[in-house]
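A short worksheet on the structure shown next.
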């Protein structure tokens, strides 16, 4: 960004259903909304670019609309990464100083982190984030910042988020071809957490579930740190596809029926209610029982949360969700989803709306914009942390924020 725009932050979310560009301004009072643009996503599916030219056109439309609101070009942005290619794992590394204890400096911390980072990855994967969980100094655990402390052995536990290199590069290329330089990439639920979760929830243990159109992204916190990340291959489009196939109706009509009459709990739908279902081709429309919609949607909703439950249980985090589960994303607005989630997970579940930016229009204060708004908060925090890290850590390419996530 040029000097005139040095206080602007731009986030671009290239989703499967929509592409959103959001511009905010850093002020003395915090971050303030400036402009946004939204376009239908025509070249993305399940968090990946499937048609580069169409994706570029969607990004250009969203960016141009946002540019009109600030009467200036958007030159740089942070972009979100999501989809089934994301993987998360925990790693540990450390260094020993021999028998003589010494004061821990930034060099020792960097070396310990690099040891934890040294994991074997396939050639087609890259590290997206390196998120600290805790430092251990001479066996003393749960240390958040060891700088200045004295010890002879420093270890660190980190959570590593990896992504398919090609999937990330395709999103970067699409944004670049739309005329915008990519400053950084972020795993979307990590950013959404900044707009949704409270510090107390992260400490108690909470799982954030972002139900998008193409996939469901998951991030779990325990003890204030990221403990699990991943993506489930089920999203809002799968519910729509089930209706389309089950009722033999076009996808556009299936989406309309889902939004207008869909409910994931069959017993909540009154008996005797009927809805009109358009047919494919020249066939006439039919009237069906509204409960038929529920009979299609409920199994898919249960499947989604059963897979989530099994993943959390396998990671030892299901019982650690002291603050429960938080749902966001457009797919979370389906009627009855919260009830299904609570019945399967046996945890308290809430639907989350993002914390608004100052001066932000109400149209953005919806769960489907949690990620985009969170990316602005994340970018602001990253910029502030980066200034502190340049002084404390030296210039580094590690994509980690050394403050706790959301702190």
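The values are calculated or read from the model by the stated rules, or taken from the named source; none is laboratory data. Treat the numbers as computed from the prediction; the structure is a model and nothing was measured. In this analysis, Cβ positions are derived from the backbone assuming ideal geometry, glycine residues included, and neighbour counts consider all displayed protein chains.
Specify which of the listed residues (136, 74) is under 26 Å from the mean Cα position of the chain (by Cα), surrounded by 15 or more Cβ atoms within 10 Å (Cβ to Cβ) and not in a helix (DSSP H, G or I).
Exactly one residue qualifies, and that residue is 74.
Can you find even one residue in the stretch 364-377 that is modelled with pLDDT under 95, farther than 20 Å from residue 265 by Cβ, outside any loop (DSSP other than H, G, I, E, B) and out of contact with any strand residue (DSSP E or B) (no Cβ under 8 Å at 6 or more places or on another chain)?
There is no residue in the stretch 364-377 that is modelled with pLDDT under 95, farther than 20 Å from residue 265 by Cβ, outside any loop (DSSP other than H, G, I, E, B) and out of contact with any strand residue (DSSP E or B) (no Cβ under 8 Å at 6 or more places or on another chain).
This table checks each residue for (1) touching a residue at least 40 places away in the same chain (Cβ under 8 Å); (2) in a helix (DSSP H, G or I); (3) closer than 29 Å to residue 259 by Cβ.
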| residue | (1), (2), (3) |
| --- | --- |
| 183 | yes, no, no |
| 190 | yes, yes, yes |
| 194 | yes, yes, yes |
| 202 | yes, yes, no |
| 207 | yes, no, yes |
| 210 | yes, no, yes |
| 213 | yes, no, yes |
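Taking the conditions exactly as written (part of a loop (DSSP other than H, G, I, E, B) and in contact with a helix residue (DSSP H, G or I) (Cβ under 6 Å, 6 or more places away or on another chain)), does residue 322 satisfy them or not?
The answer is yes for residue 322.
Out of the residues in the stretch 326-344 that are surrounded by fewer than 21 Cβ atoms within 10 Å (Cβ to Cβ) and assigned to a helix (DSSP H, G or I), state the one that is nearest to the chain's Cα centre (by Cα).
Going through the qualifying residues, I end up with 333.
Can you name the residue in the stretch 272-301 that is in contact with a helix residue (DSSP H, G or I) (Cβ under 7 Å, 6 or more places away or on another chain), under 21 Å from residue 340 (Cα atoms) and free of Cβ contacts under 8 Å to residues at least 60 places away in the same chain and is also surrounded by the fewest Cβ atoms within 10 Å (Cβ to Cβ) among such residues?
Top of the filtered list is 295.
Under 13 Å from the mean Cα position of the chain (by Cα), crowded, with 19+ Cβ neighbours inside 10 Å and in contact (Cβ under 8 Å) with a residue 12 or more places away in the chain: does that describe residue 228?
Taking the combined requirement at face value, the residue satisfies it.
Suppose we keep only residues that are out of contact with any helix residue (DSSP H, G or I) (no Cβ under 6 Å at 6 or more places or on another chain) and not in a loop (DSSP other than H, G, I, E, B) within the stretch 39-51. Which one would you say is surrounded by the most Cβ atoms within 10 Å (Cβ to Cβ)?
In this case the residue turns out to be 45.
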